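Here's the structure we're looking at; comments come further down.
The values are calculated or read from the model by the stated rules, or taken from the named source; none is laboratory data. Here the structure is a predicted model, which is why all the values come from computation and not from measurement. Ideal geometry is used to build each Cβ from the backbone, glycine not excepted, and the neighbour counts take in all protein chains shown. For the accessible areas, the whole protein counts, side chains as well, though only heavy atoms, and no ligand, DNA or RNA atoms are used. Shrake-Rupley method; radii C 1.70, N 1.55, O 1.52, S 1.80 Å.
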There are 2 protein chains.
Amino acid sequence: MTAADASAIVVRRAEARDADAFAATFAMPAAMAGTLQLPYPTAATYAKWIDDVVPGDYLLVAEFEGRVVGNLGLHAAGKSPRRRHVATIGISVHDDYQHRGVGSALLRAALDIADNWIGYTRVELTVYTDNEAAIALYRKAGFTIEGTARRFALRNGHYIDAHMMARITAGPATAAPATAPDNS
Amino acid sequence: MTAADASAIVVRRAEARDADAFAATFAMPAAMAGTLQLPYPTAATYAKWIDDVVPGDYLLVAEFEGRVVGNLGLHAAGKSPRRRHVATIGISVHDDYQHRGVGSALLRAALDIADNWIGYTRVELTVYTDNEAAIALYRKAGFTIEGTARRFALRNGHYIDAHMMARITAGPATAAPATAPDNS
């Protein structure tokens, strides 16, 4: 990824008009295989995703040269308030736009929300064990592998294992008190 | 656990009238702490659980000497058909009825459904790392620890780690063809 590429990536919140772009991403073999999505995706499925986002959850998209080529979901990890500190994320990038910093830009945006605006102290995800690029991306952002779920999901005729990764942070600091005006 | 105890345990499906017993179980300190439930449980919460069970999912209760003292949920693990082979379970036993085979009877019943009637080949669960009795119960039933989620949930003022355990099976066999009637 070059600096020029990175500057061409715009991350924003998904809107209703992005449903077709979601379907186009998930119609690509690698993007579909790398997730829990199914063959022959329909825009209607993703229109519902976009519409169903609950307050506090985020569905982000990345535009590369004006085209929506990736998406990220940042969700509260469960219904129990005892896991209120935990978020889960999932990222997908269109096959033709891999390795250009799209996933990295999406992840950076999501972790900024998680760390600095909601204060999640645990962010967790699952990633298929052979998705080396994604694992490297997550490691670089501070995720570590906590375990490996055997036969996690079906992918193209085989059950595939998934790593369970998580990133733990200390949580937000208290703001320093404002400095008193110097009246001396 | 003695044979007499085991014979005193009856496992059946939860019904609307069991909501009070659920609340009574989760009102106990250990049962509440060992789950993701919250202090001051209300029967209304569990009436909704019982009412909301979707086809194919199970909410079971165990009666010990006629009293409902434990419950188990067996649920499809997620919405994606790519994880259609996976179930998740959670068990709770009233504090006063621990170590009498209640959890074991519930787990046996759930695994019979999973193995022999739905054909799940992966059953997964989370258990707090210091819940040795539960971990031993799950190990005995064929579960292994696949990883450990750090700071999984809040419990009595501290974030507690949880093991992710799973049990993999080969799946159902094809029935042997019926033996042809012997006409010799």
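Assorted remarks:
- Within segment A:62-76, residues that are polar (S, T, N, Q) have Cβ atoms under 7 Å from residues that are open to solvent by 10 Å² or more (accessible area, probe 1.4 Å) and outside any strand (DSSP E or B) in these pairs: A:Asn71/A:Ala14, counting only partners at least 6 apart in sequence or on another chain.
- Residue tally, condition more than 14 Å from chain A (Cβ to nearest Cβ), charged (D, E, K, R) and either under 16 Å from B:Thr88 (Cα atoms) or in a loop (DSSP other than H, G, I, E, B) (or both), over segment B:134-156: 1
- Number of the exception - B:His75 against (1) open to solvent by less than 40 Å² (accessible area, probe 1.4 Å); (2) under 20 Å from B:Met165 (Cβ atoms): (1)
- Failed criterion for A:Gly70 (all others in (1) modelled with pLDDT of 95 or more; (2) within 14 Å of chain B (Cβ to nearest Cβ) hold): (2)
- In this entry, B:Ala114 is excluded by the filter for residues that are free of Cβ contacts under 8 Å to residues at least 12 places away in the same chain and either of a type in the set (A, V, I, L, M, F, W, C) or in contact with an Asp or Glu (Cβ under 9 Å, 6 or more places away or on another chain) (or both).
- Residues in segment B:148-184 that are at pLDDT 95 or above, at negative phi and among the small types (Gly, Ala, Ser): B:Ala149, B:Ala153, B:Ala162, B:Ala166, B:Ala170.
- Considering segment B:37-88, and only residues there that are under 19 Å from the mean Cα position of the chain (by Cα) and of a type in the set (Ser, Thr, Tyr), the residue that is nearest to B:Gly171 (Cα to Cα) turns out to be B:Thr88.
- Scanning segment A:157-181 for residues that are more than 9 Å from every other protein chain (Cβ to nearest Cβ), open to solvent by 50 Å² or more (accessible area, probe 1.4 Å) and not in a loop (DSSP other than H, G, I, E, B) turns up A:His158, A:Asp161.
- Some residue of segment B:89-98 being farther than 16 Å from B:Met32 by Cβ, touching a helix residue (DSSP H, G or I) at 6+ places or on another chain (Cβ under 8 Å) and touching a residue at least 24 places away in the same chain (Cβ under 8 Å): yes
- One residue from A:Ala23, A:Ala44 being crowded, with 16+ Cβ neighbours inside 10 Å, modelled with pLDDT of 95 or more, farther than 22 Å from A:Leu111 by Cα and not β-branched (Val, Ile, Thr): A:Ala23
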